[in-house]
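Bear in mind that the values in this text are calculations on the coordinates, not laboratory data. Note that the coordinates shown come from a computational prediction; the quantities given were computed from them, not determined experimentally. Heads up, the Cβs are rebuilt from the backbone with ideal geometry, glycines too, and the neighbour counts pull from every protein chain shown.
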């Protein structure tokens, strides 16, 4: 055990001292910080204040436009009782301190044709959608009133039906979409970790084998000790990098308000003014809040750490065995394909799991050790029964230990072989030596 600890220390310290590790660890949070600053600057400085004059010959929309302003960024100037024609106004709208003029002719509610916007500059997508949405609502309501329909009654029945979810005799208020996003984020993080740091284990083994350093190392330690020390050491590097990213990102986000406080408040007030009259946005925020309240945070953290560690152990041991078996870099593609293809399939299956988290495919995907680190962590936000999760964890634990044993059998033979073309058949024989 003492020798394994020395190998772990060597692998860990060697990598965390590398300039590439330090730069990458510092660079990502800094890039996130710069992105945040850029978004705040764009939202506060690049946002042009737009003033639109409204020439309404129909006389239907005056009250509507008085409530359509979006803070200081979008204001409507209703030209009440203006005698000038649209032909003269559209050429002199700048003289009344406006950026454009919206012309609404006398329209038929059944065929609202002829509405036009005159300006030297194109309307933005959001602004155009805002105007179109409000005009459509007003025309619809007036058409209904003209037919003696009660608009308030119709609006009452226009609301979407809400479904109360009772899961295992417990009421759940959260949104399935939000739970799915959270599960996808966790699964994607594990996917990245398995691919990046599993490949790092393979490259480390290959480099030592190519440079013949391993021939010196095995005189002092057993091949199994060397392999497990390397896997744990590189895994610790990955965990350290994730931990530092989290701390640095949190620290930068805490410091940014000290330098951009006024601008961030301005951006938040602007967003609130845009969402003030949007019931869908309010409902989305409520769904997000309820979803996080429904999530068992302790269970999620425990599950993420478990599948993070044992999923890595399961795949890293395979990558270590491949690194030991390879005698040429050209063999890498043929040897790594059988290992990486289950990870890629897991990512594809994850999309189906988000749609049907309790389907047969999702169940078996969360039981098989090749896909369970990604699939089960995706399903847990949907309140998977504990017996399924415990069974999945037990299978992954046993298979991880078995994979380490098999990889060690391959590693002890392959690590000392040089200049010989290795086949899968020969690797299979090493397992039973």
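Compute the distance in nm between two label points, each set 7 Å from the Cα along the Cα-to-Cβ direction, one at residue 386 and one at residue 118.
Spacing of the two 7 Å Cα→Cβ label points: 7.3 nm.
Determine, for 390, 349, 28, the number of other Cβ atoms within 10 Å of each Cβ, and report the residues in order from fewest to most.
So the ranking, lowest neighbour count to highest, is 390, 28, 349.
What full-extension length gain, to one decimal in nm, is calculated for residue 344 and residue 22 as 0.36 nm per residue of separation minus the Cα-Cα distance?
Residue separation times 0.36 nm, minus the Cα-Cα distance, leaves 113.0 nm.
What length, rounded to one decimal in nm, is gained on full extension from residue 211 through to residue 144, with 0.36 nm per residue of separation minus their alpha-carbon distance?
Separation in residues times 0.36 nm, less the Cα-Cα distance, equals 15.9 nm.
Could you sort 304-310, 200-206, 423-429, 228-234 so that the peptide with the highest average Cβ count within 10 Å comes first and the rest follow in order?
Most protected by this proxy first, the peptides run 228-234, 200-206, 304-310, 423-429.
Sort 236-242, 97-103 by packing, meaning the average of other beta carbons within 10 Å per residue, with the highest value first.
The densest-packed peptide leads the list: 97-103, 236-242.
Stretched out fully, how many nm does the piece from residue 73 to residue 424 gain, at 0.36 nm a residue minus the Cα gap?
119.8 nm
Going by how many other Cβ atoms sit within 10 Å of their own, how do 106, 2 line up, fewest first?
Going from sparsest to densest Cβ surroundings: 2, 106.
To the nearest 0.05, how large is the calculated FRET efficiency for residue 84 and residue 108 if R₀ is 30 Å and r is the Cβ-Cβ distance?
The computed FRET efficiency comes out at 0.80.
Quote the FRET efficiency, to the nearest 0.05, computed for residue 405 versus residue 356 with a Förster distance R0 of 30 Å and r equal to the Cβ-Cβ distance.
0.25
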